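Written below as structure tokens is the structure these notes are about.
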């Protein structure tokens, strides 16, 4: 009888673990879809301002210069705050020539 109980416990633990793994994966997938739907890839200032007005998460080419970041903050300052850089992604859009 004890062997059956242990087997049942192991089975239940495996089933619950599998269900929790599926729930976690589903939560992650939904969150990633929502995040990805909010990302706007821009290459011009006009596109940047339009996406900012739509409260999008903007992925723009970055020259990695602090003065440019300060300029972007100053030019976008308004009622809702100012645009700021969050991080530098590993894969970035190419910087268009002449910018």
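Full extension of the chain between residue 56 and residue 82 gives 8.1 nm of extra length, using 0.36 nm per residue less the Cα-Cα distance.
In the chain, the alpha-carbon atoms span a convex hull of 147 Å³ per residue.
Listed by Cβ neighbour count within 10 Å, with the fewest neighbours leading, 38, 87 appear as 87, 38.
Extending 7 Å from the Cα toward the beta-carbon at both residue 70 and residue 16 defines two label points whose distance is 5.7 nm.
For the chain, the relative contact order comes to 20 percent (Cα pairs under 8 Å, sequence separation of at least 6). Only DSSP H runs of four or more residues enter the estimate; each adds -39500 (n - 2.57), and after division by the residues of the chain the mean residue ellipticity at 222 nm equals -19500 deg cm²/dmol. Between residue 8 and residue 94, residue separation times 0.36 nm minus the direct Cα-Cα distance comes to 25.3 nm.
Read-outs throughout are calculated quantities, based only on the coordinates presented, and are distinct from any laboratory measurement. Just so we're clear, the structure is a prediction, and the values are computed from it rather than from any experiment. Cβ sites come from the backbone with ideal geometry, for glycine too, and all protein chains shown count toward neighbours.
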